[in-house]
1. Every residue in segment 1-45 that is more than 21 Å from M86 (Cα to Cα), aliphatic (A, V, I, L, M) and not in a helix (DSSP H, G or I), please.
2. Which one of V190, V184, V226 is in contact with a strand residue (DSSP E or B) (Cβ under 7 Å, 6 or more places away or on another chain) and without any contact (Cβ under 8 Å) to a residue 12 or more places away in the chain?
3. Across segment 152-182, what is the number of residues that are more than 17 Å from R81 (Cβ to Cβ) and either of a type in the set (A, V, I, L, M, F, W, C) or open to solvent by less than 50 Å² (accessible area, probe 1.4 Å) (or both)?
4. How many residues does segment 100-123 hold that are open to solvent by 40 Å² or more (accessible area, probe 1.4 Å) and closer than 20 Å to S141 by Cα?
5. May I ask you to list pairs of residues, at least six apart or on different chains, whose Cβ atoms are under 7 Å apart, with the first in segment 199-210 being of a type in the set (S, T, N, Q) and the second being open to solvent by less than 10 Å² (accessible area, probe 1.4 Å)?
6. Please enumerate the residues belonging to segment 211-259 that are acidic (D, E) and open to solvent by 50 Å² or more (accessible area, probe 1.4 Å).
7. Give just the number: which of (1) charged (D, E, K, R); (2) surrounded by fewer than 23 Cβ atoms within 10 Å (Cβ to Cβ); (3) under 24 Å from G97 (Cα atoms) does R205 not satisfy?
8. If the requirement is being over 30 Å from T175 (Cβ atoms), in contact with a helix residue (DSSP H, G or I) (Cβ under 6 Å, 6 or more places away or on another chain) and loosely packed, with under 15 Cβ neighbours inside 10 Å, which of these qualifies: A52, A45, A22?
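The values are calculated or read from the model by the stated rules, or taken from the named source; none is laboratory data. Predicted model only: the values in this text are computed from it and were never measured. Positions of Cβ are generated from backbone atoms using ideal geometry, with glycine treated the same way; all protein chains shown enter the neighbour counts. Ligands, DNA and RNA are stripped out before the accessible areas are found, and what is left, the full protein with its side chains, is counted by its heavy atoms. Shrake-Rupley method; radii C 1.70, N 1.55, O 1.52, S 1.80 Å.
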Amino acid sequence: MQDVDLDALAQRVNEHQRKGLAMRKLTLEYPELTVEQAYRIQALAVERDLAAGDRLIGWKMGLTSRAKQVSVGVDEPIYGRLLGAMELKTPILSVTGLVHPRVEPELALVLKGRLEGDSITPRDVWRATECVVPALEVIDSRYENFSFTLVDVVADNASSSRFYLGEQGFSPYHTQWDEVGVVVRKNGTVVQTGAGAAVLGHPVRSVVMLAQMLAREGLALEPGMVILTGGITEAVSVAPGDRLQVAFDGLATLELRVE
(Lines give C-alpha, C1' and ligand atoms only; values in the text may rest on other atoms or scores of the structure.)
Protein backbone atom coordinates (compact mmCIF):
# COMPACT_ATOMS: atom_id res chain seq x y z
CA MET A 1 0.00 0.00 0.00
CA GLN A 2 1.26 3.44 -0.87
CA ASP A 3 2.28 5.75 1.93
CA VAL A 4 -0.54 8.06 2.99
CA ASP A 5 -0.06 11.41 4.70
CA LEU A 6 -3.19 11.41 6.84
CA ASP A 7 -2.56 14.92 8.15
CA ALA A 8 -2.33 16.28 4.60
CA LEU A 9 -5.63 14.60 3.72
CA ALA A 10 -7.18 16.01 6.90
CA GLN A 11 -6.04 19.48 5.87
CA ARG A 12 -7.65 18.96 2.45
CA VAL A 13 -10.94 17.78 3.95
CA ASN A 14 -10.99 20.58 6.51
CA GLU A 15 -10.38 23.23 3.88
CA HIS A 16 -13.29 22.00 1.75
CA GLN A 17 -15.52 21.85 4.80
CA ARG A 18 -14.68 25.40 5.84
CA LYS A 19 -15.03 26.83 2.34
CA GLY A 20 -18.02 24.76 1.27
CA LEU A 21 -16.26 23.48 -1.82
CA ALA A 22 -16.90 20.12 -3.47
CA MET A 23 -13.94 17.76 -3.69
CA ARG A 24 -13.02 14.46 -5.31
CA LYS A 25 -13.40 11.30 -3.29
CA LEU A 26 -10.26 10.49 -1.31
CA THR A 27 -10.61 6.86 -2.35
CA LEU A 28 -10.12 7.76 -6.01
CA GLU A 29 -6.55 8.71 -5.12
CA TYR A 30 -6.08 6.29 -2.23
CA PRO A 31 -8.32 3.25 -2.88
CA GLU A 32 -6.73 1.27 -0.04
CA LEU A 33 -7.63 3.74 2.70
CA THR A 34 -9.17 1.94 5.69
CA VAL A 35 -12.05 2.97 7.92
CA GLU A 36 -9.57 3.28 10.80
CA GLN A 37 -7.49 5.72 8.76
CA ALA A 38 -10.65 7.61 7.81
CA TYR A 39 -11.52 8.13 11.47
CA ARG A 40 -7.99 9.40 12.03
CA ILE A 41 -8.45 11.88 9.17
CA GLN A 42 -11.75 12.96 10.74
CA ALA A 43 -10.10 13.55 14.11
CA LEU A 44 -7.16 15.46 12.60
CA ALA A 45 -9.49 17.66 10.53
CA VAL A 46 -11.57 18.53 13.58
CA GLU A 47 -8.41 19.27 15.57
CA ARG A 48 -7.77 22.10 13.11
CA ASP A 49 -11.16 23.62 13.97
CA LEU A 50 -10.49 23.24 17.68
CA ALA A 51 -7.11 24.90 17.29
CA ALA A 52 -8.89 27.79 15.55
CA GLY A 53 -11.15 28.31 18.57
CA ASP A 54 -14.13 26.02 18.02
CA ARG A 55 -15.14 23.43 20.62
CA LEU A 56 -16.35 19.86 20.64
CA ILE A 57 -19.91 19.79 22.01
CA GLY A 58 -21.10 16.35 21.02
CA TRP A 59 -21.34 13.48 18.57
CA LYS A 60 -23.62 12.26 15.82
CA MET A 61 -24.44 8.82 14.55
CA GLY A 62 -24.96 7.90 10.91
CA LEU A 63 -25.98 4.76 9.03
CA THR A 64 -28.33 3.89 11.87
CA SER A 65 -30.89 2.08 9.70
CA ARG A 66 -30.26 -1.53 8.73
CA ALA A 67 -31.10 -0.75 5.10
CA LYS A 68 -28.38 1.92 4.93
CA GLN A 69 -25.84 -0.41 6.55
CA VAL A 70 -26.57 -3.14 4.02
CA SER A 71 -26.32 -0.65 1.15
CA VAL A 72 -22.72 0.21 2.05
CA GLY A 73 -21.72 -3.21 3.33
CA VAL A 74 -21.23 -2.53 7.05
CA ASP A 75 -22.71 -4.01 10.20
CA GLU A 76 -22.45 -1.00 12.49
CA PRO A 77 -23.16 2.73 12.28
CA ILE A 78 -20.57 5.47 11.85
CA TYR A 79 -19.99 8.51 14.01
CA GLY A 80 -18.96 12.11 13.56
CA ARG A 81 -18.06 15.04 15.77
CA LEU A 82 -20.29 18.04 16.53
CA LEU A 83 -18.73 21.47 16.97
CA GLY A 84 -20.16 24.58 18.57
CA ALA A 85 -20.18 26.45 15.26
CA MET A 86 -22.50 23.81 13.77
CA GLU A 87 -25.42 24.57 16.08
CA LEU A 88 -28.14 26.81 14.64
CA LYS A 89 -29.36 29.21 17.31
CA THR A 90 -32.49 30.05 15.33
CA PRO A 91 -34.48 27.87 12.89
CA ILE A 92 -32.96 29.53 9.85
CA LEU A 93 -30.51 27.69 7.60
CA SER A 94 -28.24 29.62 5.27
CA VAL A 95 -26.94 27.46 2.44
CA THR A 96 -23.92 29.72 2.08
CA GLY A 97 -20.87 27.54 2.57
CA LEU A 98 -22.83 24.32 2.01
CA VAL A 99 -22.52 21.95 -0.95
CA HIS A 100 -25.36 19.39 -0.83
CA PRO A 101 -27.54 20.34 2.18
CA ARG A 102 -30.08 17.78 3.31
CA VAL A 103 -32.18 17.75 6.48
CA GLU A 104 -33.29 14.82 8.59
CA PRO A 105 -35.31 14.61 11.83
CA GLU A 106 -33.61 13.09 14.86
CA LEU A 107 -33.94 12.61 18.59
CA ALA A 108 -31.04 14.19 20.46
CA LEU A 109 -29.89 13.26 23.95
CA VAL A 110 -28.26 15.84 26.20
CA LEU A 111 -26.08 14.16 28.81
CA LYS A 112 -25.65 14.95 32.50
CA GLY A 113 -23.33 12.03 33.23
CA ARG A 114 -20.23 10.43 31.69
CA LEU A 115 -20.52 7.32 29.52
CA GLU A 116 -17.33 5.37 28.99
CA GLY A 117 -16.41 1.83 28.07
CA ASP A 118 -17.53 -1.07 25.93
CA SER A 119 -20.01 -2.49 28.44
CA ILE A 120 -22.48 0.42 28.47
CA THR A 121 -26.14 -0.64 28.70
CA PRO A 122 -29.38 1.19 27.86
CA ARG A 123 -29.91 1.63 31.61
CA ASP A 124 -26.56 3.40 31.84
CA VAL A 125 -27.55 5.72 29.01
CA TRP A 126 -30.86 6.71 30.61
CA ARG A 127 -29.22 7.34 33.98
CA ALA A 128 -26.72 9.65 32.26
CA THR A 129 -29.34 11.51 30.17
CA GLU A 130 -30.55 14.95 31.23
CA CYS A 131 -33.21 15.21 28.53
CA VAL A 132 -34.30 14.15 25.05
CA VAL A 133 -34.83 16.92 22.49
CA PRO A 134 -36.46 16.82 19.04
CA ALA A 135 -33.80 17.92 16.57
CA LEU A 136 -33.02 18.57 12.93
CA GLU A 137 -29.66 17.65 11.47
CA VAL A 138 -28.34 19.24 8.29
CA ILE A 139 -25.98 16.83 6.59
CA ASP A 140 -23.71 18.00 3.80
CA SER A 141 -21.34 15.76 1.93
CA ARG A 142 -18.42 17.73 0.54
CA TYR A 143 -17.87 15.20 -2.27
CA GLU A 144 -18.69 15.92 -5.88
CA ASN A 145 -22.09 14.68 -7.04
CA PHE A 146 -22.93 13.48 -3.52
CA SER A 147 -20.96 10.33 -4.37
CA PHE A 148 -18.77 8.65 -1.76
CA THR A 149 -17.74 5.37 -0.14
CA LEU A 150 -17.92 4.46 3.54
CA VAL A 151 -14.29 5.49 3.99
CA ASP A 152 -14.90 8.83 2.30
CA VAL A 153 -17.92 9.75 4.40
CA VAL A 154 -16.15 8.85 7.67
CA ALA A 155 -13.20 11.07 6.71
CA ASP A 156 -15.69 13.87 5.95
CA ASN A 157 -16.88 13.80 9.57
CA ALA A 158 -19.89 11.65 8.66
CA SER A 159 -21.26 14.59 6.63
CA SER A 160 -21.69 16.67 9.80
CA SER A 161 -22.66 20.22 8.98
CA ARG A 162 -25.36 21.95 11.07
CA PHE A 163 -28.01 21.00 13.60
CA TYR A 164 -30.93 22.61 15.38
CA LEU A 165 -32.38 21.58 18.73
CA GLY A 166 -35.99 22.22 19.67
CA GLU A 167 -36.64 24.59 22.57
CA GLN A 168 -38.25 21.97 24.83
CA GLY A 169 -36.41 19.06 26.39
CA PHE A 170 -38.25 16.00 27.72
CA SER A 171 -37.54 13.55 30.50
CA PRO A 172 -35.90 10.38 29.18
CA TYR A 173 -38.90 8.55 30.67
CA HIS A 174 -41.49 10.80 29.01
CA THR A 175 -42.53 8.32 26.32
CA GLN A 176 -41.49 5.23 24.39
CA TRP A 177 -39.00 6.81 22.05
CA ASP A 178 -39.10 4.03 19.47
CA GLU A 179 -42.80 4.74 18.97
CA VAL A 180 -42.51 8.49 18.37
CA GLY A 181 -43.88 9.20 14.90
CA VAL A 182 -42.42 11.91 12.68
CA VAL A 183 -43.93 13.67 9.66
CA VAL A 184 -41.77 15.90 7.46
CA ARG A 185 -43.44 18.52 5.27
CA LYS A 186 -41.53 20.50 2.67
CA ASN A 187 -43.32 23.62 1.46
CA GLY A 188 -46.57 22.20 2.81
CA THR A 189 -46.30 18.75 1.22
CA VAL A 190 -45.60 15.57 3.19
CA VAL A 191 -42.29 14.19 1.89
CA GLN A 192 -41.18 11.75 4.63
CA THR A 193 -42.64 9.84 7.55
CA GLY A 194 -41.02 7.58 10.11
CA ALA A 195 -40.76 6.52 13.73
CA GLY A 196 -38.04 6.33 16.35
CA ALA A 197 -37.67 2.60 15.77
CA ALA A 198 -35.97 3.42 12.45
CA VAL A 199 -32.88 4.22 14.53
CA LEU A 200 -31.41 0.78 15.27
CA GLY A 201 -34.79 -0.39 16.57
CA HIS A 202 -34.60 2.16 19.41
CA PRO A 203 -32.60 5.42 19.63
CA VAL A 204 -31.00 4.40 22.94
CA ARG A 205 -29.15 1.63 21.10
CA SER A 206 -27.48 4.29 19.01
CA VAL A 207 -25.91 5.85 22.10
CA VAL A 208 -24.88 2.46 23.46
CA MET A 209 -23.10 1.68 20.20
CA LEU A 210 -21.50 5.12 20.06
CA ALA A 211 -20.02 4.66 23.54
CA GLN A 212 -18.71 1.25 22.55
CA MET A 213 -17.15 2.54 19.32
CA LEU A 214 -15.51 5.47 21.09
CA ALA A 215 -14.14 3.15 23.76
CA ARG A 216 -11.94 1.56 21.09
CA GLU A 217 -10.27 4.95 20.67
CA GLY A 218 -10.03 5.63 24.41
CA LEU A 219 -12.75 8.28 24.17
CA ALA A 220 -15.89 8.87 26.24
CA LEU A 221 -19.17 10.76 26.15
CA GLU A 222 -18.92 13.68 28.55
CA PRO A 223 -21.56 15.53 30.61
CA GLY A 224 -23.23 18.35 28.68
CA MET A 225 -22.63 16.75 25.31
CA VAL A 226 -25.33 16.56 22.64
CA ILE A 227 -25.78 13.20 20.93
CA LEU A 228 -27.67 13.09 17.63
CA THR A 229 -28.90 9.51 17.53
CA GLY A 230 -29.56 9.17 13.77
CA GLY A 231 -32.06 10.03 11.07
CA ILE A 232 -35.64 8.87 11.65
CA THR A 233 -36.49 9.37 7.97
CA GLU A 234 -34.52 9.75 4.77
CA ALA A 235 -32.80 13.12 4.45
CA VAL A 236 -34.65 15.81 2.50
CA SER A 237 -32.75 18.00 0.03
CA VAL A 238 -33.27 21.72 0.56
CA ALA A 239 -32.59 24.95 -1.33
CA PRO A 240 -33.11 28.67 -0.65
CA GLY A 241 -36.81 29.46 -0.27
CA ASP A 242 -37.75 26.07 1.13
CA ARG A 243 -39.61 25.73 4.39
CA LEU A 244 -39.62 22.53 6.41
CA GLN A 245 -42.14 21.62 9.07
CA VAL A 246 -41.29 18.53 11.09
CA ALA A 247 -43.89 17.18 13.51
CA PHE A 248 -42.70 14.88 16.31
CA ASP A 249 -45.88 13.20 17.57
CA GLY A 250 -46.70 14.22 21.12
CA LEU A 251 -43.56 16.35 21.46
CA ALA A 252 -43.17 19.38 19.22
CA THR A 253 -43.24 20.68 15.69
CA LEU A 254 -39.99 22.18 14.43
CA GLU A 255 -39.85 24.57 11.49
CA LEU A 256 -36.82 25.45 9.41
CA ARG A 257 -36.53 28.26 6.89
CA VAL A 258 -33.85 27.92 4.21
CA GLU A 259 -32.16 31.02 2.85
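1. Those that are more than 21 Å from M86 (Cα to Cα), aliphatic (A, V, I, L, M) and not in a helix (DSSP H, G or I): M1, V4, L33.
2. Working: V184 fails: without any contact (Cβ under 8 Å) to a residue 12 or more places away in the chain; V226 fails: without any contact (Cβ under 8 Å) to a residue 12 or more places away in the chain.
Just a single option satisfies the conditions, and that option is V190.
3. 10
4. To start, the set of residues in segment 100-123 that are open to solvent by 40 Å² or more (accessible area, probe 1.4 Å) comprises 100, 102, 112, 114, 116, 118-119, 121-123.
Applying the additional criterion that residues be closer than 20 Å to S141 by Cα yields 100, 102.
Residues in segment 100-123 being open to solvent by 40 Å² or more (accessible area, probe 1.4 Å) and closer than 20 Å to S141 by Cα: 2 in total.
5. If the second residue must be open to solvent by less than 10 Å² (accessible area, probe 1.4 Å), the pairs left are S206/M61; S206/T64; S206/P77; S206/V199; S206/T229; S206/G230.
6. Listed by number, the residues that qualify are E217, E222, E234, D249, E255, E259.
7. Here R205 meets the rest and fails (3).
8. On the way: A52 fails: in contact with a helix residue (DSSP H, G or I) (Cβ under 6 Å, 6 or more places away or on another chain); A45 fails: loosely packed, with under 15 Cβ neighbours inside 10 Å.
Unique residue meeting the criteria: A22.
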